[in-house]
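Engineer: Structure provided below as structure tokens; questions to follow.
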Amino acid sequence: MKPEQAYACYNINKDVRLSSSSGAVFSSLAEYVLKQQGIVYGVKMSEDCYSAKFTRVTDIGGLVCLRGSKYLQAKVGDTYKQVKEDLIAGKFVLFSGTGCQVNGLKSFLGKEYDNLFCVDVICHGVPSPALWKKYAEYREKENGGKLKNVNFRCKDDSWIDFGMKEVMEKISKNEAEHIYISKDKNPYMQMFLRDYCLRPSCYECVTKKEKKSDLTIADFWGIKDVAPEMNDGMGTSLVLIRTDKGQRAFDYIRSITEVKEVSYEAGVKCNPAEYKSCVRPSQRDTFFDDMQAMSFEELEAKYAMPIKYSLRTRVKNKIKNIAKSILQVIVGAE
Ligand SMILES: Cc1cc2nc3c(=O)[nH]c(=O)nc-3n(C[C@H](O)[C@H](O)[C@H](O)COP(=O)(O)OP(=O)(O)OC[C@H]3O[C@@H](n4cnc5c(N)ncnc54)[C@H](O)[C@@H]3O)c2cc1C
Ligand code: SF4
């Protein structure tokens, strides 16, 4: 479903951007709504950190817990009902979630509301909450502590090569330890990125064909080739405008963002999750059976071992890297 306009964009507030997954466009849009005494609905981690759930935010301070992607299926609970009550009370409402959650809200409401603004994220798929809980408990046992918070998209190393940062409260020492694990070494992220643990509907996502949001946000993978001047390594968002309401909101936030218009094709070239579902791995059903029967360590050994590249691929990658370094030296010398 082709949108009306596409942009590369990032929030000019560096701190907000570094604590967001991409270019922090979500925070700019949320501020736009809150400044009009509106209400923002988005996803935060639960207090025990074992699940993710929708929450209702009415002030800018409340946005902190909504920032960042939580890579597990979020509980909707009675959120749709709350949104409806706010809409009927005449509040300006921003609802943000995955495409199927936005479409689900629209079906629940059964009619269009002028005061509803919906934002979805380009969505690869959502992992099983049961797997997340199993992982969190395993990490707590391993570290002798309590997981207090998690950043699934920590940019300490880089935006593209991100890692997971866990805040683990050490009961014995009465202090919190911050543990960073690169996505390539984190078993939970590997099970997610290898598509083993997604909801069945994510492999046949009907939302890709019909998006009912006003605006879509995503990582602008491939920005270094499309608009290198918009790539400073701290995260750039892709913004897809789907309605006039989406365009009005985007025009409003332009003063607090850096923006460059791009073609839709260039925007999604490295982001196939916008238009196609991921392939269901042949081991997907066995994975879920094993998840019930095995410990997390056993699951890790079976499904999240580092990928072993063939000698041919390793040599090819090495040559590519050498060629890249030589090119950088030549360009730098010019
Ligand atoms: C499960 C999942 C899969 C994704 N897959 C892709 C992908 O394949 N390609 C891509 O480009 N981008 C993907 N994204 C989106 C991307 O990671 C960023 O969330 C998005 O670019 C917005 O970033 P931001 O910096 O503007 O704001 P951020 O502050 O990072 O994003 C916050 C927004 O994400 C929402 N959110 C966070 N966790 C969840 C959740 N579990 N369920 C529903 N909504 C949630 C919040 O409500 C809020 O709207 C995915 C996000 C999620 C949650
Ligand atoms: S991939 Fe599709 S079905 Fe799965 S969570 Fe995302 S939008 Fe929903």
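Engineer: Could you go through the range 196-214 and let me know if any residue there is in contact (Cβ under 8 Å) with a residue 24 or more places away in the chain, within 16 Å of ligand 2 (Cβ to nearest atom), part of a strand (DSSP E or B) and touching a Pro at 6+ places or on another chain (Cβ under 9 Å).
Structural biologist: Yes, some residue in the range 196-214 is in contact (Cβ under 8 Å) with a residue 24 or more places away in the chain, within 16 Å of ligand 2 (Cβ to nearest atom), part of a strand (DSSP E or B) and touching a Pro at 6+ places or on another chain (Cβ under 9 Å).
Engineer: Further, regarding this structure: Would you confirm whether or not the range 96-112 contains a residue that is under 28 Å from ILE171 (Cβ atoms), away from ligand 1 (no atom under 16 Å from the Cβ) and touching a residue at least 24 places away in the same chain (Cβ under 8 Å)?
Structural biologist: no
Engineer: Let me ask something additional. Report every pair of residues separated by at least 6 positions or lying on different chains whose Cβ atoms are under 7 Å apart, first residue within the range 7-26 and away from ligand 1 (no atom under 11 Å from the Cβ), second in a strand (DSSP E or B) and open to solvent by less than 30 Å² (accessible area, probe 1.4 Å).
Structural biologist: Once the first residue is away from ligand 1 (no atom under 11 Å from the Cβ) and sits in the range 7-26, its partners that are in a strand (DSSP E or B) and open to solvent by less than 30 Å² (accessible area, probe 1.4 Å) give TYR7/VAL239; TYR7/VAL262; ALA8/LEU238; ALA8/VAL262; ILE12/THR257.
Engineer: Here's a follow-up. Which condition breaks for LEU29 when tested against (1) within 11 Å of ligand 1 (Cβ to nearest atom); (2) open to solvent by 10 Å² or more (accessible area, probe 1.4 Å); (3) closer than 22 Å to SER255 by Cα; (4) not in a strand (DSSP E or B)?
Structural biologist: The single condition LEU29 does not satisfy is (2).
Engineer: I'm trying to understand the selection: among the residues of the range 1-18, which are of a type in the set (D, E, K, R) and at pLDDT below 95?
Structural biologist: Those that are of a type in the set (D, E, K, R) and at pLDDT below 95: LYS2, GLU4.
Engineer: Tell me the strands (runs of 3 or more DSSP E) entirely within the range 62-160 that contain at least 1 residues that are more than 26 Å from CYS197 (Cβ to Cβ) and under 19 Å from the mean Cα position of the chain (by Cα).
Structural biologist: 93-98, 116-121
Engineer: Still on this model: Could you please find all residues in the range 38-92 being over 25 Å from LYS155 (Cα atoms), more than 12 Å from ligand 1 (Cβ to nearest atom), of a type outside the set (Asp, Glu) and open to solvent by less than 20 Å² (accessible area, probe 1.4 Å)?
Structural biologist: Selection gives GLY38, ILE39, VAL83, LEU87.
Engineer: When you check GLY125 against the structure, is it within 18 Å of LYS75 (Cβ to Cβ) and touching a Ser or Thr at 6+ places or on another chain (Cβ under 8 Å), yes or no?
Structural biologist: yes
Engineer: Kindly list the number of the only condition in (1) part of a loop (DSSP other than H, G, I, E, B); (2) within 16 Å of ligand 2 (Cβ to nearest atom) that fails for GLN37.
Structural biologist: (2)
Engineer: Out of ILE160, ILE122, I need the residue that is modelled with pLDDT under 95 and either buried (at least 19 other Cβ atoms within 10 Å of the Cβ) or β-branched (Val, Ile, Thr) (or both). Which one?
Structural biologist: After ruling out the rest, the residue left standing is ILE160.
The values are calculated or read from the model by the stated rules, or taken from the named source; none is laboratory data. As the structure is a computational prediction, the values presented were derived from the model and not from experiment. Counting neighbours? That spans all protein chains shown, and the Cβs are built from the backbone with ideal geometry, glycine included. Surface accessibility is based on the protein's heavy atoms, side chains included, excluding ligands, DNA and RNA. Shrake-Rupley method; radii C 1.70, N 1.55, O 1.52, S 1.80 Å.
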